[in-house]
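**Student:** Let me give you the structure first, and then I'll get to my questions.
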Amino acid sequence: MSISAAFFAQAQDVSVIRNTVDVYSNAPNVGSAKFNAMGGSNGALGGDANSLLTNPAGLGVAISGEISGTLSVTNNKNTSSYAGSSYGYSINKGDLGSLGAVMTFQLMTESAWKFINIGVNYSNQSIENYIETPGNNNLVYDFPDATSSSFGRHAYDRYGYLSKTSFGVGANYNNSLYLGAGLNFLNTSIDQSDTAIFNSLSNGNAEYFSKQNTPFTEKANGFSASLGVIGKLGPNFRLGAALETPTFWNMDRGYNYYNDPITGDDFASENRRLTTPMKATVSAAFIASKSFALNVDYTRGLTKPKYKVYGDAETELNDFFKDNYKNLSELKIGAEYRIKQFRLRGGYSYASSPIDALTISKYNNDGSVTDNQSYSNLILNDRNALSFGLGYDFRSFYIDASFQNIFSKYSNPFLYGVVDSNYEAGYYSPNRLISSDAYAVSDVKNIRNNFFLTFGWKF
């Protein structure tokens, strides 16, 4: 389906779409080193606080109390290639990735209910992301004052974090059926910019431009709830299912705007409300013995992102997601092998592209325009992740470590912004503006290498 000029003019920035899908609709999935080493797959295994990230019924599997903390060191590298050149940029971060605790309460009665357990889990991740694209001397803009400039470079720059705090309860019925429920509280902070540099053909001076309504800042909090069940099909097999409600976000947004006929260049603020997709997860686990366990999770989005409508911008955002958003589909596989007190773990996960194929007008490398260029990976694309880890159990204490590699490759659109009698959505410098009804598109390769270290205590 094609993207209308009106949509992107009102939607302000490609970043709005990317953040809606990549940040707000993608709750943090950072857990303990064990959880991350197994690809985030534990929906039918459970047994610790990370169950609140997939299936709260896993809390009921625990038979002892536990507290753990996880340190994370992350590297996020984007390489953007355009017109025969490439720019690469890496971001390194160290942080507290996860905290978790489970309290177990054994029921000393004749009832078939064995345990009622309470869990809490905190997950945190950096969402900092920088995509810088090299310029193209063939892409020239002619200004009304009879001067011209060539495209020098473009950058999407995002700072911030995303955190999720979950509280839950799990119950064990006759060591064969486990039930659970959780409440999730999310917070995020985003600072986002969309900038371009054009170089004068007459004197070579660089001029800095910002996209209309950027840079912007968003502070948001959200809420969701989850329910889950795990059942044993014998001593070696378990099946699980979980449902998480949409996350209901309340966003406070501030942004710079330019070229207003009354106020000129200034700053404004607004409130937005966003409902992100409901998700369902089904899981299966095979536990061959105390030495080996395998788990598979499949998560499917059931609804689409939807903004509360305050004006044309939210209406057209909703129209875009209605027509072009593909429901989340994610597969996660994880395994653990125990050798006495040693633990060996590995995992793989795959998440499908969240956006359908799109058709746009694009600038070619020679500066000409192609009107109907189709992309199957525009803005975001499939994501693959491989992980492995080691652990050692000191009985009361344990230590785990894991490494995770996440890879994605997508087409990155930029420079679009119409300025006419209806729209004021171009790129602006203090003195001039650029209006464009086509995109330049780069190829971006994103690689994230993450290391996690967990210390835990069982009691």
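**Student:** Ranked from highest to lowest mean number of other Cβ atoms within 10 Å per residue, what is the order of the peptides 333-339, 115-121, 40-46?
**Tutor:** Packing order, densest peptide first, comes out as 40-46, 115-121, 333-339.
**Student:** Using Cα pairs under 8 angstrom and six or more residues apart, how large is the relative contact order of the stretch 182-255, in percent?
**Tutor:** It rounds to 33 percent for the stretch 182-255.
**Student:** A follow-up question, please. For the stretch 84-240, take N as its residue count and report Rg(C-alpha) divided by 2.2 N^0.38 Å.
**Tutor:** 1.79
**Student:** Taking only C-alpha pairs under 8 Å that are 6+ residues apart, what is the relative contact order of the stretch 12-59 in percent?
**Tutor:** 24 percent
**Student:** Among all the aspartates and glutamates, which ones have a C-alpha under 17 Å from Lys340's C-alpha, if same-chain residues fewer than 8 places away are not counted?
**Tutor:** Straight-distance partners of Lys340: Asp393, Asp400.
**Student:** What angle do you read, to the nearest 10 degrees and between 0 and 90, between the alpha-carbon axis of helix 312-324 and the longest principal axis of the chain?
**Tutor:** Compared with the principal axis, the helix lies near 60 degrees.
**Student:** So if R0 is 22 Å, what FRET efficiency would Asp260 and Ser376 give, r being the distance between their Cβ atoms, rounded to the nearest 0.05?
**Tutor:** 0.05
**Student:** Restricting to DSSP H runs of at least four residues, report the calculated mean residue ellipticity at 222 nm for the chain, -39500 (n - 2.57) per run over all residues, nearest 500 deg cm²/dmol.
**Tutor:** When only DSSP H runs of four or more count, the value is -2000 deg cm²/dmol.
**Student:** Let me ask something else about it. Where in the stretch 214-301 are there trypsin sites (Lys or Arg not before Pro) that are in a DSSP coil and have at most 10 other Cβ atoms within 10 angstrom of their Cβ? Display every interim value, and only then the final one.
**Tutor:** Values: sites: Lys219, Lys232, Arg238, Arg253, Arg272, Arg273, Lys279, Lys290, Arg300; in loops: Lys290.
Answer in residue order: Lys290.
**Student:** Say the dipole of the stretch 332-459 comes from +1 at the beta carbon of Lys and Arg and -1 at that of Asp and Glu; which of Asn364, Pro430, Ile406 then lies farthest toward its positive end?
**Tutor:** Ile406
**Student:** Further question on the same structure: If you project the alpha carbons of the chain onto the principal axes, what extent comes out on each, in Å, largest first?
**Tutor:** 88, 41, 34
**Student:** Over the chain, what is the mean sequence separation of C-alpha contacts under 8 Å (at least six apart), divided by residue count, expressed as relative contact order in percent?
**Tutor:** Numbers: 1448 pairs, mean separation 86.2, N = 459.
Contact order relative to length: 19 percent.
**Student:** Next question. Listed highest first by mean packing, meaning other Cβ atoms within 10 Å per residue, what order do 179-188, 387-396, 197-206 come in?
**Tutor:** Ranking the peptides 179-188, 387-396, 197-206 by packing returns 179-188, 387-396, 197-206.
**Student:** Quick check: Cα centre of the stretch 355-424 to Cα centre of the stretch 72-115, how many Å?
**Tutor:** First find each Cα centre; the distance between them is then 19 Å.
**Student:** Continuing with the same structure: Taking 7 Å along the Cα-to-C-beta vector as the label spot, tell me the Leu239-Ser64 distance in nanometres, rounded to one decimal.
**Tutor:** Simple spin-label model gives 3.2 nm for this pair.
**Student:** Report the gain in length on full extension from Phe397 to Arg300: 0.36 nm times residue separation, minus Cα-Cα distance, nm rounded to one decimal.
**Tutor:** Between Phe397 and Arg300, full extension yields 31.3 nm more.
Where a number appears in this text, it was derived from the coordinates with a stated rule and is not lab data. In this text the structure is predicted, and so the values were computed from the model without any measurement. Cβ sites come from the backbone with ideal geometry, for glycine too, and all protein chains shown count toward neighbours.
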